[in-house]
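Inspection log for the structure reproduced underneath, given as structure tokens.
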Amino acid sequence: LSHRNISWLIIALFCIVAGFLSPFSPPAFGQEADPKSKENIDAQLLLLKDADAAKRKAAAEMLGKLQVVATAPQLVQALKDNDEGVRNAAVAALVNIGDKAIEALIAGIKDPDVTAADGAASALVKLGAPAIPALGKALAAKDPVLHGRASRALITIGIPAIPELGNGLRGTDAAVRQRTALALSAIGPAATAELGKSMADGNADVRAQAAWALGVIGPEASAAAREGPHPGRQSCAGRQSARPDRKTQRARFRQAARLQ
């Protein structure tokens, strides 16, 4: 072969090798790598488990900026981190991901780890109105712990959550209806109308709880309880027999305080 042919052969071989290696090569000078590439996401998820808390926190922050929905379950797991900074970064990241993180966050409030559950609830509260329907479904749970967590989140969201809490007053489980009435008392006067409807509940304990909740809200709400319809008897709020005894009242006041 002539020198010219050899030169062309070398150039051809170089082009072939360069083309083969290009998918594995770093980006060319001046060309930025895709931050949402699988390689980068996997690297950040790996750092989320690093022994260095600063690296875990930085990874959570980066994942929050990238807003990749598929990373939400791992960020929920990061709510169990023993470093508060990492947990706070994970909450912020989940809020940044937005509505599409709600499913993972609802799973998070079911976690036996109280710290993780509280973090998930905090993120749901920050998301606000979009999280209300999902929290309403959790509110229907017969498990008092899960009901309490969903209630606290809805109470913190406040007035926009009243209709969803009102749905809890119309469920089939009387214990759930009682706990929901207790939760509504923590929202205040805006919940009077929904609680007033419970004064017609077919269950005496629910009516008594609703009357107590209205009394906690204030005199005007209590007046609504006295005026409401009651199946088969007079007003629960107007009859001493329908009121809880002092010991029960004190216990319920402590419960209401915990819900706030």
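The values are calculated or read from the model by the stated rules, or taken from the named source; none is laboratory data. What you are looking at is a predicted structure, and each value in this text was computed from that prediction instead of being measured. Please note: Cβ atoms are built from the backbone with ideal geometry, for glycine as well, and neighbour counts cover all protein chains shown. To get the accessible areas, we keep the full protein, side chains included, count just its heavy atoms, and leave off ligands, DNA and RNA. Shrake-Rupley method; radii C 1.70, N 1.55, O 1.52, S 1.80 Å.
Taking the accessible area of segment 127-198, probe 1.4 Å, and keeping the other protein chains in place, the carbon and sulfur fraction comes to 62%. The value obtained for segment 47-104, namely the Cα convex hull volume divided by the number of residues, is 60 Å³ per residue. From most to least packed by mean Cβ count within 10 Å, the peptides 55-63, 204-212, 178-186, 80-88 give 178-186, 204-212, 55-63, 80-88.
Near GLU103: Cβ cut-off under 13 Å, other residues only, Lys/Arg at +1 and Asp/Glu at -1. The net charge is +2. Only protein heavy atoms count here; under a 1.4 Å probe, VAL176 has an accessible surface of about 10 Å². At full extension, ASN167 and ASP113 could sit 16.6 nm farther apart than now, given 0.36 nm per residue minus the alpha carbon distance. The label-point distance for SER37 and ALA140, in a model that sets each label 7 Å from Cα toward Cβ, rounds to 4.6 nm. Listed values for segment 131-144 are Karplus-derived 3J(HN,Hα) couplings in whole Hz (6.51 cos²θ - 1.76 cosθ + 1.60, θ = phi - 60°), namely 8, 4, x, 5, 5, x, 5, 5, 5, 6, 5, 6, 5, x, and x replaces Gly and Pro. Using the 1.4 Å probe convention, the accessible area of segment 145-194 works out to 35 Å² per residue with neighbouring protein chains retained. Taken over the Cα atoms of segment 34-146, the convex hull encloses 84 Å³ per residue. Applying 1/(1 + (r/R0)^6) with R0 = 25 Å to the Cβ-Cβ distance of VAL69 and ILE159 gives a FRET efficiency near 0.30. Note on SER122: accessible area is roughly 50 Å² with a 1.4 Å probe, heavy atoms of protein only. Ranked by the mean number of other Cβ atoms within 10 Å of their residues, highest first, the peptides 69-79, 104-114 come out as 69-79, 104-114.
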